[in-house]
1. Return yes or no: is residue 75 touching a Ser or Thr at 6+ places or on another chain (Cβ under 6 Å), at negative phi and open to solvent by 50 Å² or more (accessible area, probe 1.4 Å)?
2. Report, by residue number, each residue of the range 86-118 that is open to solvent by less than 60 Å² (accessible area, probe 1.4 Å) and either among the polar types (S, T, N, Q) or part of a strand (DSSP E or B) (or both).
3. Residue 145 - would you say it is on the phi < 0 side of the Ramachandran plot and more than 18 Å from the chain's Cα centre (by Cα)?
4. Anything in the range 30-40 that is small (Gly, Ala, Ser) and not in a helix (DSSP H, G or I)? List them, or say none.
5. Listed residues 56, 86, 38; which is farther than 22 Å from residue 19 by Cβ and out of contact with any Phe, Trp or Tyr (no Cβ under 8 Å at 6 or more places or on another chain)?
6. Using beta carbons and a limit of 7 Å, which pairs, at least six apart or on different chains, have the first residue in the range 1-30 and among the small types (Gly, Ala, Ser) and the second one assigned to a helix (DSSP H, G or I)?
7. Among the candidates 75, 67, 80, 38, single out the residue that is closer than 29 Å to residue 115 by Cβ and of a type in the set (D, E, K, R).
8. Out of 11, 24, 54, 43, which single residue is part of a helix (DSSP H, G or I) and loosely packed, with under 13 Cβ neighbours inside 10 Å?
Amino acid sequence: MVITEILSYRLHSVANAISRSAALRYKREFDVSLGEWRTIALLGAEAPLTLNRLARRAALDKAQMSRMVAKLVERGLVQRESGAARTTQLSLTRRGTSAYQGLIAAANERNDAFLACLTPQEQEVLNSALTKLAMIARALEGAEER
């Protein structure tokens, strides 16, 4: 089998294409990078979050997330507040919440456009397949870490 037929390569290629087009739109319309969008989206859905938890949810290392959060704080989109046991809680500012609402509307619009090319049955099969693939990927990752 050649690399272009390997499932992980194909999934990665599709995900990259989807991400590149999203990055272009979010930069043009909202002046945020894809990483900043994901940070804003996670905080919009789940705030307050600690930096560690936010980094885990975004699948980034703590240093990457720290730099991203610092930029968003500087731009007035994210705020830091003291939490319990000397933790810092992160959440969106009023301006960040407004950006989140525009970004999530654009993301939902893009999501609908991608799903429109699939029948309802294909959407169900895709969701089921992705759930199964994610489960086996986590199991294989755990086995490799041992």
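The values are calculated or read from the model by the stated rules, or taken from the named source; none is laboratory data. A quick note: this is a predicted structure, and the numbers were derived from the prediction, not measured. Cβ sites come from the backbone with ideal geometry, for glycine too, and all protein chains shown count toward neighbours. Please note that ligands, DNA and RNA were not included when accessible areas were found on the heavy atoms of the full protein model with its side chains. Shrake-Rupley method; radii C 1.70, N 1.55, O 1.52, S 1.80 Å.
1. So residue 75 fails the test.
2. Matches in the range 86-118: 87, 89, 90, 91, 92, 93, 97.
3. So residue 145 passes the test.
4. Scanning the range 30-40 gives a single hit, 33.
5. None of the other options fit; the residue is 86.
6. From the range 1-30, the pairs are 19/34; 22/34; 22/110; 23/34.
7. From the options 75, 67, 80, 38, the qualifying one is 38.
8. 24
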